[in-house]
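Structure first, commentary second.
The values are calculated or read from the model by the stated rules, or taken from the named source; none is laboratory data. Please read these numbers as outputs of a predicted model, since none were measured by experiment. Heads up, the Cβs are rebuilt from the backbone with ideal geometry, glycines too, and the neighbour counts pull from every protein chain shown. These accessible areas exclude ligands, DNA and RNA; they are computed on the full protein's heavy atoms, side chains included. Shrake-Rupley method; radii C 1.70, N 1.55, O 1.52, S 1.80 Å.
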Amino acid sequence: MDIAKYIGLFLLKNHYCYIHGLGNLELIKRPAIHDGSALQSASYEVVVTPGGSIDDNLANFIATNEQISISKAANALREYSIQARKDMANGNEVPVPYIGNFVEKDNKVRFVMDANFQFTPAGIPTIRNSKQLEEQNSRLLHKPSYPEPQKADSVNWSMVILVVVLILILGGGAYGVYYYMQANKATSVPAQVAKVAPQPSVKDSMKQSVFADSAGVRRDSAGNVVGPQDTVIMDAYKMVIGEYPTKARAEIRVHNLKVNGFLSDIVPKDSAGFYVYTNIVCKPSDTAHIKDSLANLFGYRSVMIY
């Protein structure tokens, strides 16, 4: 495997080549100068510097061209570097074909260019005489051809479709909200609240009979018209709507209920508690319904008749 050949190829292709143990070869362009009598054209010079970026680009380049693994190429490159340092220590030159030689001076690696080395970057033609210049100028320059641009459509249908889809989505969402609100409104039933007796002193077994109004029409206590054979019986009940461990807490509850218009009072539960009740006037058949309504209203599930 000719490592030196690949060093030269990699250098000419990339203008640099890092070799571990030897340094970094660089292909540097020197500007054109005027020596006082003639203009010297720009030239390229190969120099070696001790630094450089450590990478495996050269090993990858060798492995690709030799069709071997990168590790094998890296081992071959390391062996070449070790042998080159030994040869330079013995005073020998290490050649890079057609480019120059590695030498060691003052314990430093140097690179001496070949006297015949010339480098022309790719893409720049070399004109040696006037005939070649005329041939170069007579060549037709390549002009890239591009397809004619298509005429723009007057209507951007993709945007139209997008707007229509967004309108449909927003309309569907608004209809869904409206339908949901109407459904909830239709199914919601207001809680039935028991009527509270307005009179503070109601007998436990008070009964109301039918009475006649000013026009002589027979009505019950709820104002309903009744016949001569109808008699509505309304009883007064003490409905327990809460229980408390101390009398002070029970009195606070009774005060709050009275502020809100409920006729309430306290009765002892036992030696360790007190009931709070409210007066309710209703038909005996409605007591179960009234208990449920009071339980929902006051949050006390053990409503009972005291």
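Considering (1) part of a strand (DSSP E or B); (2) surrounded by 14 or more Cβ atoms within 10 Å (Cβ to Cβ), say which one Asn65 fails and leave the rest.
Unmet condition: (1).
Please verify whether Ile7 is of a type in the set (Val, Ile, Thr), in contact with a strand residue (DSSP E or B) (Cβ under 8 Å, 6 or more places away or on another chain) and not in a loop (DSSP other than H, G, I, E, B), treating the condition exactly as stated. Don't jump to the end; show me each part of the working.
Working: of a type in the set (Val, Ile, Thr): yes; in contact with a strand residue (DSSP E or B) (Cβ under 8 Å, 6 or more places away or on another chain): yes; not in a loop (DSSP other than H, G, I, E, B): yes.
For Ile7, the condition - of a type in the set (Val, Ile, Thr), in contact with a strand residue (DSSP E or B) (Cβ under 8 Å, 6 or more places away or on another chain) and not in a loop (DSSP other than H, G, I, E, B) - is met.
So, in the stretch 259-273, exactly how many residues are farther than 22 Å from Thr287 by Cα and either more than 56 Å from the chain's Cα centre (by Cα) or in contact (Cβ under 8 Å) with a residue 60 or more places away in the chain (or both)? Talk me through it step by step, then tell me what you get.
Filtering the stretch 259-273 for residues farther than 22 Å from Thr287 by Cα gives 259-260, 268, 270-273.
Then keep just the ones that are either more than 56 Å from the chain's Cα centre (by Cα) or in contact (Cβ under 8 Å) with a residue 60 or more places away in the chain (or both); that gives 268, 270-273.
The number of residues fulfilling the criteria is 5.
I'd like the full set of residues that are in a loop (DSSP other than H, G, I, E, B) and touching a Pro at 6+ places or on another chain (Cβ under 7 Å), limited to the stretch 10-43. Before the answer, list the steps.
Initial filter on the stretch 10-43 (in a loop (DSSP other than H, G, I, E, B)): 15, 20-22, 31-32, 35-38, 41-42.
Ala42 - this is the single residue of the stretch 10-43 that is in a loop (DSSP other than H, G, I, E, B) and touching a Pro at 6+ places or on another chain (Cβ under 7 Å).
Look through Asn101, Asn57 and report the one residue that is polar (S, T, N, Q) and open to solvent by less than 60 Å² (accessible area, probe 1.4 Å).
Working: Asn57 fails: open to solvent by less than 60 Å² (accessible area, probe 1.4 Å).
The unique qualifying residue is Asn101.
Does the stretch 248-273 hold any residues that are among the small types (Gly, Ala, Ser), farther than 15 Å from Leu297 by Cα and either surrounded by fewer than 11 Cβ atoms within 10 Å (Cβ to Cβ) or in contact with a His (Cβ under 9 Å, 6 or more places away or on another chain) (or both), and which are they? Before the answer, list the steps.
First, the residues of the stretch 248-273 that are among the small types (Gly, Ala, Ser): 248, 250, 261, 264, 271-273.
Filter again for farther than 15 Å from Leu297 by Cα, leaving 248, 250, 271-273.
Matches in the stretch 248-273: Ala248, Ser271, Ala272.
Can you list residue pairs whose Cβ atoms sit under 9 Å apart, with the first residue in the stretch 240-254 being on the phi < 0 side of the Ramachandran plot and assigned to a helix (DSSP H, G or I) and the second being open to solvent by 60 Å² or more (accessible area, probe 1.4 Å) and not hydrophobic (A, V, I, L, M, F, W, C)? Count only pairs 6 or more apart in sequence or on different chains.
As it stands, the answer is Lys247/Pro268; Ala250/Glu243; Val254/Asp265, since those pairs meet every condition given.
Would you be able to tell me the number of residues in the stretch 282-293 that are farther than 15 Å from Ile241 by Cα and open to solvent by 30 Å² or more (accessible area, probe 1.4 Å)?
So the first thing to find is which residues in the stretch 282-293 are farther than 15 Å from Ile241 by Cα, and the list is 282-286.
Add one more test, that the residue is open to solvent by 30 Å² or more (accessible area, probe 1.4 Å), and what stays is 283-286.
Residues in the stretch 282-293 being farther than 15 Å from Ile241 by Cα and open to solvent by 30 Å² or more (accessible area, probe 1.4 Å): 4 in total.
Would you confirm whether or not the stretch 55-66 contains a residue that is at pLDDT below 95, under 16 Å from Asp2 (Cα atoms) and of a type in the set (D, E, K, R)?
For the stretch 55-66, residues at pLDDT below 95, under 16 Å from Asp2 (Cα atoms) and of a type in the set (D, E, K, R): present.
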